[in-house]
1. When the chain is treated as a GNM, springs tying every alpha-carbon pair under 10 Å, which of ILE27, ILE73, ILE13 comes out with the largest mean-square fluctuation?
2. What angle, in degrees between 0 and 90 and rounded to the nearest 10, separates the Cα long axis of helix 22-46 from the longest principal axis of the Cα atoms of the chain?
3. Measuring from label point to label point, each 7 Å out along Cα→Cβ, what is the ALA26 to LEU67 span in nm?
4. Which whole-number percent of Cα pairs in the chain have a distance greater than 18 Å?
5. Treating only the Cβ of Lys, Arg, Asp and Glu as charged (+1, +1, -1, -1), what charge dipole size does the chain show about its Cα centre? Round to the nearest 20 debye.
6. Each label point is 7 Å from the Cα along the Cα-to-Cβ direction; what then is the distance between the points at ARG56 and THR99, in nm?
7. Quick check for the chain: number of Lys pairs with alpha-carbon distance under 29 Å, counting only pairs 8 or more apart or on different chains?
Amino acid sequence: QEFIDPKIQSLHIHSNNLVFNQEITAIWEIKNMSLLAKAVLQSSLARHESRGAFFRRDYPKHDISSLPQHSFIDFDGNLAKKSVNIIDFKQDSKGDFYTENSII
């Protein structure tokens, strides 16, 4: 991060023409992808397990004892977690899925 951030912040356009300037789009995309990559890395490092596409060598096992949680991160890098609301779906004789309270 200490190496990449200054390089990303130093990106600038070489043309004053703002109409159809692909450099502007490319710089926005790089800055946004960098921000997203930081959020994904911080969220995955906060987990002490491997889950889905995120494999950790230091935590190679999937922790089935912990309840599944959503990870949320804000622009200041603050991480929050919220339990996943698990709904039990059933299927009727017509093949429609429903829960206790509604048909889906």
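Where a number appears in this text, it was derived from the coordinates with a stated rule and is not lab data. From a predicted model like this one, the values you see are computed outputs, not experimental measurements. Note that each Cβ is placed from the backbone with ideal geometry, even for glycine, and that neighbours are counted across all protein chains shown.
1. Of ILE27, ILE73, ILE13, the most mobile in the Gaussian network model is ILE13.
2. Once rounded, the angle reads 40 degrees.
3. It is 4.8 nm.
4. Values: 3656 of 5356 pairs.
Of all Cα-Cα distances in the chain, 68 percent exceed 18 Å.
5. Values: 12 positive and 13 negative charges, 54 e Å.
So the magnitude is around 260 debye.
6. With each label point 7 Å from Cα toward Cβ, the separation is 3.0 nm.
7. For the chain, the number of qualifying lysine pairs is 11.
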